[in-house]
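**Student:** Structure in C-alpha cells, see below.
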Amino acid sequence: MLRAVQQWDYKTVVLTGGFMGRHKEELDRPAFERHLDELGRDGWELSWILLEQALQKEKDGHVLIFKRPLEPS
C-alpha cells in the first residue's frame, strides 16, 4: 500500500533594520512575538533562517522560512 507523501505550504518573513521598531537598528520584540504567535496560531512553524540575505528589489535582511502541512485537495 502506498502512503501519501506530506506536502508543505511555505511562507517567508524578512527581518530588516527597524523591523517593527522605532529606529533603524531596533526590534520591537513584543510586537515581533505577537506576529510570531499569530503565525503559529495559523499553523506556521519556523523551519529555517537565512542570515543577511541580499534580496532583489527589497531591503536586505534575514529571511525566516515557515512551513505548514498543505491540506489535501
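The values are calculated or read from the model by the stated rules, or taken from the named source; none is laboratory data. Note that the structure is a prediction, hence the values are computed from the model and not measured. FYI the Cβ positions are ideal-geometry reconstructions off the backbone, even for glycines, and counts take in every protein chain you see. The protein model used for the area step is the full one, side chains on, heavy atoms only, and it has no ligands, DNA or RNA in it. Shrake-Rupley method; radii C 1.70, N 1.55, O 1.52, S 1.80 Å.
**Student:** At what distance in nm do the modelled label points of D42 and V63 sit from each other, each positioned 7 Å from its Cα along Cα→Cβ?
**Tutor:** 1.9
**Student:** Label-point separation (nm) for Q56 and V14, each offset 7 Å from Cα along Cα-to-Cβ?
**Tutor:** Placing both labels 7 Å beyond Cα along the Cβ direction yields 1.2 nm.
**Student:** Would you mind computing the Rg to Rh ratio of the chain from its alpha-carbon coordinates, Kirkwood style for Rh?
**Tutor:** In the chain, Rg relative to Rh is 1.10.
**Student:** How high is the FRET efficiency from Q6 to E33, r the C-beta distance, R0 30 Å, rounded to 0.05?
**Tutor:** 0.60
**Student:** Give me, ordered by chain and number, the residues 5 or more places off S47 or on other chains with an amide H under 5 Å from its own placed amide H.
**Tutor:** The answer is I65, F66, K67.
**Student:** What percent does the relative contact order of the chain come to when contacts are Cα pairs within less than 8 Å and at least six residues apart? Each step should come with its number before you reach the end.
**Tutor:** Details: 97 pairs, mean separation 29.1, N = 73.
Averaging sequence separation for qualifying contacts and normalising by length gives 40 percent for the chain.
**Student:** Kindly provide the helix-only [θ] at 222 nm of the chain, computed as the sum of -39,500 (n - 2.57) over DSSP H runs of four or more divided by all residues, to the nearest 500 deg cm²/dmol?
**Tutor:** -5500 deg cm²/dmol
**Student:** Please work out how much accessible surface E45 shows to a 1.4 Å probe, ignoring ligands, DNA and RNA, in Å² rounded to 10.
**Tutor:** 110
**Student:** What is the local net charge at P69, summed over the other residues whose Cβ is closer than 14 Å to its Cβ (Lys, Arg +1; Asp, Glu -1)?
**Tutor:** Net charge in that neighbourhood comes out at -1.
**Student:** Using a 1.4 angstrom probe and counting only protein chains, how large is the accessible area of L64 in Å², to 10?
**Tutor:** Accessible area of L64: about 10 Å².
**Student:** Under 19 Å Cα-Cα from K11, which aspartates and glutamates qualify once same-chain neighbours fewer than 8 residues away are excluded?
**Tutor:** Straight-distance partners of K11: E33, D37, E38, D42, E45, E52, E58, D60, E71.
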